[in-house]
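First comes the structure, then the notes that go with it.
The values are calculated or read from the model by the stated rules, or taken from the named source; none is laboratory data. Remember, predicted model here, so these are calculated numbers, not experimental data. Neighbour counts are summed over all protein chains in view; Cβ atoms, including those assigned to glycine, are modelled from backbone coordinates with ideal geometry.
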């Protein structure tokens, strides 16, 4: 039956119904497509297609063959409402199943549009607060269900499938510091990682080096800096790439011919790094969320990557939506917002934090978790807490000159300990000292 002569009624209604029918027709032509289909029944608008897709999912769960005769049997009395010809027409309308994902995307976008309109109406009728609306729209944008759940049977199935899939020895995104990667198993989506340090310990240099290393691996980096402008941050980042002192990069009269030669040698590769630097002064967590979503789209479009790391420098300067709160309440609220954001957006957030002056009063000035400034909620919300310490800052004759200690004081799913990095302060550059022994 040709497309021209068949009574393909869904083609004469609207594009959404057409795309839905093409999805179903493709599955009936190639049953393996159902396993890869990301759609839910709720994504379909046409009641006929909802009934058919429900039956197909049930057949899949019961391991029945996905083919036209068995579908007709599964539909039982519903076939009278749907019509046998509708199923045949849906199959015949599919010239090639190679366009399956195109039609799936069409159905999903239509579903998202309908849901967004429904949420907007709920908000207009005062049934949703602005925060609830943004929460729901973010989940919708990322294709996730708010408050999703799984049974232990489903979790064990996923766990077995995950363990059976061959992977890199490091599960998460590598920081570029091998010992730290081994200890943390890389950076994983949904984690809030807090990096605490007193001034002059190198916390900004640390995140810039992590960002540089990660971006070289093709991972998008969103960097929010509350103290410096984008050009200042860019200078410090490029200094660690090209081994040119920051003071030289801030004044062309200090650049020797050798400096310019080095600059030219590294400028192209630096310009191609998937890093977006935000001058974050005045930004609230809500504004950070919006910027992250925009950056994610940009990285996917321009760099063909969906992997993404967020870095915020630093916690105590993030603007509050409730300026009347005291500092402790304000920091606690921001910390919780960022943890929820990391989970909802499935992204690692690396959050820098100041430490209290109590560190300076102790003989051993290596920081502890209790030194996190303003709020114990930060410690509670974080999946990982790392402290930075430079012994030579306090002891000029230290044997650990040019060294930064990264002290992992908390890790929700792993061990704690200390990793030492070489710190070339004149370039703001950090390097691994030792390779880990994998056991």
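Collect the residues in segment 83-110 that are under 29 Å from the mean Cα position of the chain (by Cα) and surrounded by 20 or more Cβ atoms within 10 Å (Cβ to Cβ), keeping them in residue-number order. Before the answer, list the steps.
Within segment 83-110, the first condition is being under 29 Å from the mean Cα position of the chain (by Cα), and the residues that meet it are 99-110.
Correct list: 100, 103, 104, 107.
For segment 32-43, filtering for residues that are under 22 Å from residue 65 (Cβ atoms) and surrounded by 15 or more Cβ atoms within 10 Å (Cβ to Cβ) leaves 4. Just one of the listed residues (207, 219) is modelled with pLDDT of 90 or more, under 25 Å from residue 316 (Cβ atoms) and out of contact with any helix residue (DSSP H, G or I) (no Cβ under 6 Å at 6 or more places or on another chain), and it is 207. For segment 125-153, a residue qualifies if it is exposed (fewer than 11 other Cβ atoms within 10 Å of the Cβ), assigned to a helix (DSSP H, G or I) and at pLDDT 80 or above, and the qualifying residues are 130, 153.
Take the residues in segment 157-181 that are at pLDDT below 80 and in a helix (DSSP H, G or I), then tell me which one is farthest from the chain's Cα centre (by Cα).
For segment 157-181, the residue satisfying everything is 164.
I'd like the full set of residues that are touching a helix residue (DSSP H, G or I) at 6+ places or on another chain (Cβ under 7 Å) and without any contact (Cβ under 8 Å) to a residue 24 or more places away in the chain, limited to segment 58-99. Within segment 58-99, 58, 59, 64, 70, 72, 74, 79, 84 qualify.
Among the residues of segment 7-23 satisfying the criterion of being surrounded by 16 or more Cβ atoms within 10 Å (Cβ to Cβ) and closer than 14 Å to residue 85 by Cβ, which is modelled with the highest pLDDT? Applying the filter and picking the extreme gives 21. Taken residue by residue, segment 96-117 has no member that is over 16 Å from residue 23 (Cβ atoms) and not in a helix (DSSP H, G or I). Scanning segment 50-72 for residues that are surrounded by 12 or more Cβ atoms within 10 Å (Cβ to Cβ) and farther than 18 Å from residue 40 by Cβ yields 64, 67, 68, 70, 71, 72. Set side by side, the residues 392, 397, 405 differ, and just one is modelled with pLDDT of 85 or more, assigned to a strand (DSSP E or B) and surrounded by fewer than 22 Cβ atoms within 10 Å (Cβ to Cβ), which is 405.
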